[in-house]
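The values are calculated or read from the model by the stated rules, or taken from the named source; none is laboratory data. Worth saying up front: this structure is predicted, and the values here are computed from it rather than measured. Because the Cβ atoms are built from the backbone with ideal geometry, glycine has one as well, and the counts that use them run over all protein chains shown.
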Amino acid sequence: MQGKNHRRLNSLWITGLLLLLAVPGAAAEQGAGPDATSVTANPVGLVMDSRANAYTVDRITGKVFCLPPGNEPIHYATISDEPTTLAVDRRRTLFIGTATGHILAVRLDGTVCAAFRCPHGVTGLAVDRDGGLLITTGNGTLVKVRRAELVMKRVN
């Protein structure tokens, strides 16, 4: 029962954060408390890790933000490609799919690595239970990449 309640609270927290990201300033206009923070006007997705840190990336600037629970947002990293989707694994590595087909990995220290390359833009991204990636591309292809096949070559 406790796990179910925890998931519900996380779901409510994510929903509230999505509303804040989608409508900058709307929470302030409605009298929201100190948790109302505008991070980016162009968010690409929102994912949460096992420690309730939320991550998003700005589609225009490529700035990656980490939003720790109860703290101010942190500019975590910057990517040079146009982000389209994101996912986070159990190790808290953030994976970002891009319009050009690159899968980038942002490690806990903010290091950006090239993890994989698809021939078409990435439209969907998920982490499987073994830490591998499931990727959908713009031409309708579903790609499964095992964790051991990820390159993790540093790009910055």
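Counting only residues that are in a strand (DSSP E or B) and either in contact with an Asp or Glu (Cβ under 6 Å, 6 or more places away or on another chain) or free of Cβ contacts under 8 Å to residues at least 24 places away in the same chain (or both), which one in the range 79-115 is farthest from Ala54 (Cα to Cα)?
His102
Taking Ala105 as the residue in question, decide whether it is surrounded by 18 or more Cβ atoms within 10 Å (Cβ to Cβ), modelled with pLDDT of 95 or more and either touching a Cys at 6+ places or on another chain (Cβ under 7 Å) or on the phi > 0 side of the Ramachandran plot (or both).
Criteria met by Ala105.
Of all residues in the range 127-156, which are touching a Phe, Trp or Tyr at 6+ places or on another chain (Cβ under 9 Å) and loosely packed, with under 14 Cβ neighbours inside 10 Å?
Result: Glu149, Val151.
Name the residues in the range 39-84 that are of a type in the set (Val, Ile, Thr), closer than 20 Å to Ile135 by Cβ and in contact with a helix residue (DSSP H, G or I) (Cβ under 8 Å, 6 or more places away or on another chain), would you? Spell out the reasoning first.
In the first step, residues of the range 39-84 are kept if they are of a type in the set (Val, Ile, Thr); the result is 39-40, 44, 47, 56-57, 60-61, 64, 74, 78-79, 84.
Checking the rest, the ones that are also closer than 20 Å to Ile135 by Cβ come to 44, 47, 56-57, 64, 79, 84.
Selection gives Thr56 alone.
Which residue out of Leu46, Leu125 is part of a strand (DSSP E or B) and either modelled with pLDDT under 95 or more than 14 Å from the chain's Cα centre (by Cα) (or both)?
Values: Leu125 fails: either modelled with pLDDT under 95 or more than 14 Å from the chain's Cα centre (by Cα) (or both).
None of the other options fit; the residue is Leu46.
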